[in-house]
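Below is one structure, written out as C-alpha cells; the observations come after it.
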C-alpha cells in the first residue's frame, strides 16, 4: 500500500506567518508521514504537527531555539517501505552539494533538507535523491511559497510533486 508523504521546511511560524495556510494543514492531516526539515521557530508549531501527523520526522534548524533543540535532533533517518530517508536542515552552498551529500549520507536513498527556501530536486552521482521543499510561508526570491508531496510505493520513491501555496 503506498505511503503518502508531506515534505516541508522553513515554516517560520509565527515570524513569517501567523499560521500555516489551510492547504498545508490539509495535506498534513491526510499524509501517512510528515517530514519537516527544520526552522519551525516556536515549539507550539511542533506541538501542532505532533497532534495532527500520523507519523512525524523532524529536525531542528538554525532559527530554532533551545526549546526545539531539546526535542528534535540535528539529523534523523527512517526507512519507509524500503526507502531510506535522511533529514537535515542545512547542506551548505548549492555548488558541490551533490558530491558533499553523497559523502555525508552514503546509507540514504533520499535526503530531505531546507534552509534556502528554494525548491530543489536532483539526483547525485551515487543515486541519492536530494529534495528541498522550499518554504510554505516565505518564498524569498521564488515565484510562490511551496512544500512537497511524495509517494513511496513498493520500495521506491514513486512520485514527488512541488505544491505551490498561494496566500490570501
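The values are calculated or read from the model by the stated rules, or taken from the named source; none is laboratory data. Values in this document were obtained by computation on a predicted structure and should not be read as measured data. Every residue, glycine as well, gets a Cβ built from its backbone with ideal geometry; the counts of neighbours run over all protein chains shown.
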Open item on the list: Restricting to the stretch 80-90, name every residue that is within 14 Å of residue 108 (Cβ to Cβ) and touching a residue at least 60 places away in the same chain (Cβ under 8 Å).
Closed with: 80, 82, 83
- [ ] Name the single residue, out of those in the stretch 109-168 being at positive phi and touching a strand residue (DSSP E or B) at 6+ places or on another chain (Cβ under 7 Å), that is surrounded by the fewest Cβ atoms within 10 Å (Cβ to Cβ).
- [x] 155
Task: Number of positions in the stretch 101-128 that are more than 14 Å from residue 77 (Cα to Cα) and assigned to a strand (DSSP E or B) - done: 4
Open item on the list: Of everything in the stretch 129-162, what is touching a helix residue (DSSP H, G or I) at 6+ places or on another chain (Cβ under 7 Å) and in a strand (DSSP E or B)? Give them in sequence order.
Closed with: 130, 147, 149
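One line per residue, one yes/no per condition, for (1) modelled with pLDDT under 95; (2) part of a helix (DSSP H, G or I); (3) surrounded by fewer than 18 Cβ atoms within 10 Å (Cβ to Cβ):
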site	(1), (2), (3)
11	no, no, no
15	yes, no, yes
18	yes, no, yes
24	no, yes, no
29	no, yes, yes
45	no, yes, no
Task: the stretch 49-71, subset more than 18 Å from residue 138 (Cα to Cα) and buried (at least 17 other Cβ atoms within 10 Å of the Cβ), residue farthest from the chain's Cα centre (by Cα) - done: 68
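For every residue, the table says whether it meets (1) touching a residue at least 24 places away in the same chain (Cβ under 8 Å); (2) more than 29 Å from residue 156 (Cβ to Cβ).
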residue: 4; (1), (2): yes, no
residue: 10; (1), (2): yes, no
residue: 23; (1), (2): yes, no
residue: 35; (1), (2): yes, no
residue: 42; (1), (2): yes, yes
residue: 52; (1), (2): yes, no
residue: 56; (1), (2): no, no
residue: 74; (1), (2): no, no
- [ ] Please indicate, with yes or no, whether at least one residue in the stretch 91-100 is touching a residue at least 12 places away in the same chain (Cβ under 8 Å), outside any loop (DSSP other than H, G, I, E, B), touching a helix residue (DSSP H, G or I) at 6+ places or on another chain (Cβ under 9 Å) and surrounded by 14 or more Cβ atoms within 10 Å (Cβ to Cβ).
- [x] no
